[in-house]
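J.: Please find one structure pasted underneath; my questions will follow.
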Amino acid sequence: MNRTHLLTLMAVFIAIGTITSQLLWFPAGIAKAYPVQHAINVMAAVILGPGPAVIIAFMISLLRNMLGLGTLLAFPGAMVGALFAGLLFRWFGKRIWAAAGEALGSGVIGALFAVPFANILMGSSAGALAFIPPFIISSTTGAIIGWFIVTKLSTNNALEITGRNTQ
């Protein structure tokens, strides 16, 4: 994939993630669930790899915050999930591992990172148990959606992933 193609795909993912954050969300405990963010993390991890997936997650989080559409909690959840999705897909070569990496990375590890992040930057005294359930709900829902989309794209030969058995 050449650099122009990579940057174009990244820009499309960022645009979709930013636009849909206003349209598709639901309340989940003390947080808002943005499943499209997590679906994009899985798709970007499978199609582009862990590095671009993390950059996409960062840019969506940044734009959402700049536009007043999200909170600072978007950063640790989205970025850790994108990293785990990309790494697990790279290591195991299966789309399901990208979805599992997203759910684990955002849902558990991202939620744990959110605790000091919220305490320091947002003045919140919420503990890990306040963040883990909503993060798991959001990330698992989105991971399933992302897995379904990349599976359908691969089945229809609309997605080219080189050098991997991507069951």
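J.: Can you tell me how many residues in the stretch 116-167 are aromatic (Phe, Trp, Tyr) and either farther than 23 Å from ALA74 by Cα or at pLDDT 85 or above (or both)?
T.: 3
J.: Another question about this same structure. With respect to LEU73, determine if the residue is touching a strand residue (DSSP E or B) at 6+ places or on another chain (Cβ under 7 Å) and without any contact (Cβ under 8 Å) to a residue 60 or more places away in the chain.
T.: Answer is yes for this residue.
J.: Could you tell me which of the residues GLY51, GLY68, GLY107, GLY93 is in contact with a Ser or Thr (Cβ under 6 Å, 6 or more places away or on another chain) and at pLDDT 85 or above?
T.: Among GLY51, GLY68, GLY107, GLY93, only GLY107 is in contact with a Ser or Thr (Cβ under 6 Å, 6 or more places away or on another chain) and at pLDDT 85 or above.
J.: Can you list the helices (runs of 4 or more DSSP H) found entirely within the stretch 18-125 that contain at least 1 residues being crowded, with 21+ Cβ neighbours inside 10 Å and of a type in the set (Asp, Glu)?
T.: 95-104
Matching residues to (1) within 15 Å of GLY105 (Cα to Cα); (2) in contact with a Leu (Cβ under 9 Å, 6 or more places away or on another chain):
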| position | (1), (2) |
| --- | --- |
| SER21 | no, yes |
| VAL42 | yes, no |
| MET59 | no, no |
| LEU63 | no, yes |
| MET66 | no, no |
| GLY70 | no, yes |
| GLY77 | yes, no |
| ALA82 | yes, no |
| PHE89 | yes, no |
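The values are calculated or read from the model by the stated rules, or taken from the named source; none is laboratory data. Note that this is a predicted model, so its numbers are computed, not measured. All Cβ positions, even for glycine, are placed from backbone atoms using ideal geometry, and neighbour counts span all protein chains on display.
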